[in-house]
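Computed from the coordinates by the stated procedures, all read-outs in this text should not be read as laboratory data. Just so it is clear, the model here is predicted, and its values are computed rather than measured. Heads up, the Cβs are rebuilt from the backbone with ideal geometry, glycines too, and the neighbour counts pull from every protein chain shown.
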Amino acid sequence: MQVLLANLLHHCKGCKVMSKTPGFTKVVMELIVLLHSQSVKIAKGADHVVLVMGLDQTQESEDHDRVDLLLPPKQQKLISSIARVAKNPVILVLLSGGPVDISFAKNDQRIGSILWTGYPGEAGGRALAEIIFGDHNPGGRLPVTWYPQSYVNVPMTDMRMRPEPSSSYPGRTYRFYQGPKAFEFALHNLFSVRMRLGLFDGNPVTQPYGTIGSDKMGAEACEKMKYTVKVRVKNHGEMAGKHPMLLFVRQPKMVNGRPVKQLVAFQSVNLNAGERAEVEFELRPCEHLSSAKKDGSMVIEEGSYLLSIEDKESEIQVVK
């Protein structure tokens, strides 16, 4: 940003880590108070504010797990303080390797956008600046569910995927967990690209699969059952950009331990402002509609299945 803005940029450095002992980050509290005051003062006089917050490898690393899902001490207070005095909505940039519960920021209308960058490396600063200033519009999806802080109460000794209501066990991952979330798996931020989607055929489609063992059908029969899902998409924004499209399949009711939904295909489309495109996905019923029985055998169950891309859904029927 300094390269792009030169003298127009006012920068306030963050806190220094005084000790890198795993599990214990010692900072000088007087320094934090001073930096907090300086940051708020700069934010008051700035036209736009970019806050870079998050974690580093003193909080999370290969051999060091976090004890909670929150930002380090004082960061939430600093974010809220700056958002309160900023002239325009704040851009919040998060550095982390894993999810962080920032529900307070998500629900704060004074924070205009939140950009998660992971740990982007030495070219990350330049890439971040190009995204913020609209020179690059890469698109993106969250690769995991961002759970709320309360999820730390789920015991790490229980790694079952499916929920167990009788013991209040909530389950894990987007496929089974239905509790509150800080952010959904595959959540997207379109920046200035506003896509509209439409399934070519929204009417029910009947495929004569029957309730049979899909692992006993053979490769040739499974190959014949494949078909194409076509989707229309248009960029209604004013900028070109990339839009990742994810195709999910789900059943209207969660029965027999089936997932809430299942990602079955994805691809990205690059569109200029106002440009349209047709995107195709291949649906393979033996793989995408089958589920495992208790004995491990795979079957395709009778009934309705919903194909969904964002807020669009189309129904297919599996019948004998």
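Measuring between alpha carbons in the structure, the pairs from K181/K294; K242/K293; K106/K294 lying more than 32 angstrom apart are K242/K293; K106/K294. Taking θ as phi - 60° and the Karplus parameters 6.51, -1.76 and 1.60, the scalar couplings of the range 44-56 work out to 4, x, 8, 6, 9, 10, 10, 9, 10, 10, x, 10, 9 Hz in sequence order, x denoting glycine and proline.
Spin-label model, E223/D65: points 7 Å from Cα along the beta carbon direction are separated by 4.6 nm. Using only the alpha carbon atoms of the range 208-320, find the Kirkwood hydrodynamic radius as the inverse mean reciprocal pair distance, in angstroms to one decimal. After inverting the pairwise mean of 1/r, the radius is 15.5 Å. Let me check I've understood the local charge: for F185, count other residues with C-beta under 11 angstrom from its C-beta, Lys and Arg +1, Asp and Glu -1. What total comes out? Net of charged neighbours comes to +3. Computed 3J(HN,Hα) for the range 97-107, one whole-Hz value per residue from the Karplus formula 6.51 cos²θ - 1.76 cosθ + 1.60 where θ = phi - 60°, is x, x, x, 9, 7, 10, 4, 4, 7, 4, 8, glycine and proline marked x.
Can you pull out the trypsin sites (Lys or Arg not before Pro) in the range 227-270 whose DSSP state is coil and whose Cβ has at most 16 other Cβ atoms within 10 Å?
Values: sites: K230, R232, K234, K242, R250, K253, K261; in loops: K253, K261.
Of the trypsin sites (Lys or Arg not before Pro), the ones in loops of the range 227-270 whose Cβ has at most 16 other Cβ atoms within 10 Å are K253.
Which FRET efficiency value, to the nearest 0.05, is calculated for S304 and Y169 with the Förster distance at 30 angstrom and r the Cβ-Cβ distance? After rounding to 0.05, the efficiency reads 0.60.
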